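Q: Before we start, here is the structure in question, set down as structure tokens.
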């Protein structure tokens, strides 16, 4: 049975982690309106999304080591403060170039909320308890893709796309209050003594030489690359190609997010029964099979929105098992540098996603096939990496706490 303290920690960490994704998901229904308002082409509007991911990637390597040196809370204060200020700037932007620059700054702020909560999980737990806390964190975190597009479409209908940025600025202020009153420091001063910029550089060297760590990180990264591709293209496909309203698009987007949320809650239970390694293997193969089937359907001329929704629902369900499990396994042996290891994990995931979005963006034409091809490619690479990294590993029992 999950204790109230356990759930409270998951709620706090999940909300902090969700602020950045909320700024992505709430923004998605606004993409066509932003293009029309600022006179920008699809590629330029997508760039305002891509640079956010790039900023999330380049920001996390700084927040992780700093959180090892000064504690988890101070970098969170700085990051969310920067995020709030940049959000106000985005709301006032008058051209697409300014919006792109401010979205990059906004992403730098959001990077703190992406890197540090995973380190807090590792500060507190390992093994299946860590998987349980991570899955609960994902439960809160994953509410964003369900509620944010709906909230975004409602805000846009009432007050226009600029109001989206005022809303996320308020969310950041609420996050600052949450840090101040609901989050205790989990990196005691005694543990910070050995942390410095020199030790951070050395830690990154250790991590970049750890093939097992990198393999697990990239399994999760390429599994998520399909999701990032979907983020960047789905509004144009579903609204422009299939004719959905922004509200109906938000519902369709939320259906897929619900699959991720639901299955992620079984991570600890399945990990205890089958072992975390075996769970990763099975989930990656399931995700890849659904993605390949979807690609084959559209490659052969299919054009049903229901095929897209149903098959991606299945793939998202498997992805909900992959992401928290690979994160726990990657951080398991790096507790003394958890902030740094979490930051590098997040950076590589975001860079992989940004590259995937950029490559698919070169072929984007508003139709499903380029998007689906990018999603399937990411899933297949994840399958290959899984067997390269874990193919010879013994399917061990769940890790001890």
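Q: Tally up the residues in the range 18-56 that are buried (at least 24 other Cβ atoms within 10 Å of the Cβ), modelled with pLDDT under 80 and more than 14 Å from residue 231 (Cβ to Cβ), please.
A: Result for the range 18-56: 1.
Q: Could you check residue 301 against (1) touching a helix residue (DSSP H, G or I) at 6+ places or on another chain (Cβ under 6 Å); (2) surrounded by fewer than 22 Cβ atoms within 10 Å (Cβ to Cβ) and say which number it fails?
A: (1)
Q: Among the helices (runs of 4 or more DSSP H) confined wholly to the range 1-104, which include 3 or more residues that are more than 30 Å from residue 266 (Cα to Cα) and more than 22 Å from the chain's Cα centre (by Cα)?
A: Output list reads 31-38, 42-70, 73-92.
Q: Also: Check 255, 261 and return the single one that is crowded, with 21+ Cβ neighbours inside 10 Å and touching a helix residue (DSSP H, G or I) at 6+ places or on another chain (Cβ under 7 Å).
A: Exactly one of 255, 261 is crowded, with 21+ Cβ neighbours inside 10 Å and touching a helix residue (DSSP H, G or I) at 6+ places or on another chain (Cβ under 7 Å), namely 261.
Q: Something else now. Which ones in the range 347-356 are under 19 Å from residue 67 (Cβ atoms) and modelled with pLDDT under 80?
A: Within the range 347-356, just 350 meets the criteria.
Q: In the list 175, 152, which residue meets the criterion of being surrounded by 14 or more Cβ atoms within 10 Å (Cβ to Cβ), within 18 Å of residue 117 (Cβ to Cβ) and within 23 Å of the chain's Cα centre (by Cα)?
A: Going through 175, 152 in turn, just one is surrounded by 14 or more Cβ atoms within 10 Å (Cβ to Cβ), within 18 Å of residue 117 (Cβ to Cβ) and within 23 Å of the chain's Cα centre (by Cα): 175.
Q: Within the bounds of the range 357-368, is there any residue that is assigned to a helix (DSSP H, G or I), modelled with pLDDT under 85, closer than 23 Å to residue 54 by Cα and within 16 Å of the chain's Cα centre (by Cα)?
A: Looking for residues that are assigned to a helix (DSSP H, G or I), modelled with pLDDT under 85, closer than 23 Å to residue 54 by Cα and within 16 Å of the chain's Cα centre (by Cα), one finds at least one in the range 357-368, hence yes.
Q: Determine if the range 333-344 includes at least one residue that is modelled with pLDDT of 90 or more and over 23 Å from residue 384 (Cα atoms).
A: No: the range 333-344 contains no residue that is modelled with pLDDT of 90 or more and over 23 Å from residue 384 (Cα atoms).
The values are calculated or read from the model by the stated rules, or taken from the named source; none is laboratory data. Nothing here was measured: the structure is a model prediction, and the numbers come from that model. Counting neighbours? That spans all protein chains shown, and the Cβs are built from the backbone with ideal geometry, glycine included.
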